[in-house]
1. What number goes with the only condition from (1) touching a residue at least 24 places away in the same chain (Cβ under 8 Å); (2) open to solvent by less than 20 Å² (accessible area, probe 1.4 Å) that A130 does not pass?
2. With (1) more than 20 Å from the chain's Cα centre (by Cα); (2) in a helix (DSSP H, G or I) as the list, and R280 as the residue in question, which single condition is left unmet?
3. Just checking, how many residues over the range 130-150 are within 18 Å of P179 (Cα to Cα) and under 20 Å from the mean Cα position of the chain (by Cα)?
4. If you check K172 against the conditions, is it over 26 Å from S219 (Cβ atoms), touching a Phe, Trp or Tyr at 6+ places or on another chain (Cβ under 6 Å) and not hydrophobic (A, V, I, L, M, F, W, C)?
5. What is the residue count in the range 184-210 for residues that are buried (at least 19 other Cβ atoms within 10 Å of the Cβ), under 22 Å from N237 (Cα atoms) and more than 16 Å from the ligand (Cβ to nearest atom)?
6. Check the range 117-124 and report whether any residue there is within 16 Å of the ligand (Cβ to nearest atom), surrounded by 23 or more Cβ atoms within 10 Å (Cβ to Cβ) and either outside the structural domain of A96 (by TED's automatic domain parsing) or under 22 Å from T276 (Cβ atoms) (or both).
7. Condition test on A267, is it open to solvent by 50 Å² or more (accessible area, probe 1.4 Å), of a type in the set (G, A, S), free of Cβ contacts under 8 Å to residues at least 12 places away in the same chain and under 20 Å from V29 (Cβ atoms)?
8. Among the residues of the range 220-237, which ones are among the hydroxyl-bearing types (S, T, Y) and under 27 Å from R175 (Cα atoms)?
Amino acid sequence: MSRPVPKPGILDIAPYTPGKSGAGVSGRVFKLSANETPLGPSPKAIEAYKAAADSLEDYPEGTSRVLREAIGRTFGLDPDRIICGAGSDEILNFLAHTYLGVGDEAIHTTHGFLVYPIATMANGAINVIAPEKNFTADVDAILKAVTPRTKLVWLANPNNPTGTYIPFDAVKRLRSELPPHVLLVLDAAYSDYVSKNDYESGIEMVATTDNTVMTRTFSKIFGLASLRIGWMYGPANIVDAINRIRGPFNVSTPAMLAAVAALEDTAHQDMSRAHTEKWRSWLTEEVGKLGLTVTASAANFILIHFPLDKGKTADDADAFLTKRGLILRALKNYRLPHALRMTVGTEEANRLVVAALTEFMGKT
Ligand SMILES: *Cc1c(COP(=O)(O)O)cnc(C)c1O
């Protein structure tokens, strides 16, 4: 029998499994499994989105110019060095498609974001995993994983699902010790939540090298995950290459206009950042008091580690919480079978999770 056969690598990919979105129980459900903001987008973004409904028959402007200009104003960047995409996932895939071929190697860390191995393998390239230390990327381990076939390094900073980050000095050392032909992808999806003096998202590094890009998203603090919108800042040579494969209308007009309005509403962003910081600290402390280890997070979620004892495992906790309508993210395919990731939710959701975990741990 003859039939179409996918390219090498495609059928080796384990399909991406998103966090559960429902509990299969009646009553209220709190989805804390996909790092979505509990506060929603700026009302101005919703307004801009609705206004765009008046011209759905028109193709979008193909280069996302208004959004690139708004991003340029906000971050002080040259709009010509920005590419917008249908989520930063699309951009990560553009990068793999442009720079990886059969037999090439791309490095990511042990608990790196799942889109990286998928994008790598979709291009026939090989995933090389650099071990982490304390659930944190380790620059020396990444450098040790480099071979003559290495073409790209994926680094989420802060990382999902661990929430850990590496200081910018470490990123600088990584860049300076990587061979110059190796593309360094700095995925800064959670940078909007980081308030650390030694952190930088990578803007200056991108501006001063020709082998590093930074990706950002409107899916997290801006609350526009459903519209699929993200962006990349890169050197002219990389922007030029990617624009050759980018679909001519890859970002929809409603997404573009909502993103512009979201960027301009800095009060909404400040409110989201303050909410996240306050409740991330609270959750880390309260969950810690129950005898569970929480990895220190710089993002809008926390990583909770569970014991291996029967009845107290991450699987048991997941089932216990799900029954109460509290949906966290199980992490088996992130090589974290004994942990659950919880997105910082509303005050109500956060308190419900702590109350449920208190009961689960037998501390009531
Ligand atoms: C959420 C997330 C993104 C953003 O993805 P979008 O496609 O922009 O929604 C990118 N990288 C990481 C590590 C993420 O967790």
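The values are calculated or read from the model by the stated rules, or taken from the named source; none is laboratory data. These figures come from a predicted structure and were not determined experimentally. We place every Cβ from the backbone using ideal geometry, glycine too, and count neighbours over all the protein chains shown. These area figures cover heavy atoms from the full protein model, side chains too; ligands, DNA and RNA do not enter into them. Shrake-Rupley method; radii C 1.70, N 1.55, O 1.52, S 1.80 Å.
1. Tallying (1) touching a residue at least 24 places away in the same chain (Cβ under 8 Å); (2) open to solvent by less than 20 Å² (accessible area, probe 1.4 Å), A130 fails exactly one: (1).
2. (1)
3. Within the range 130-150, residues that are within 18 Å of P179 (Cα to Cα) and under 20 Å from the mean Cα position of the chain (by Cα) number 4.
4. no
5. Here the count works out to 2.
6. no
7. Criteria not met by A267.
8. Within the range 220-237, just Y233 meets the criteria.
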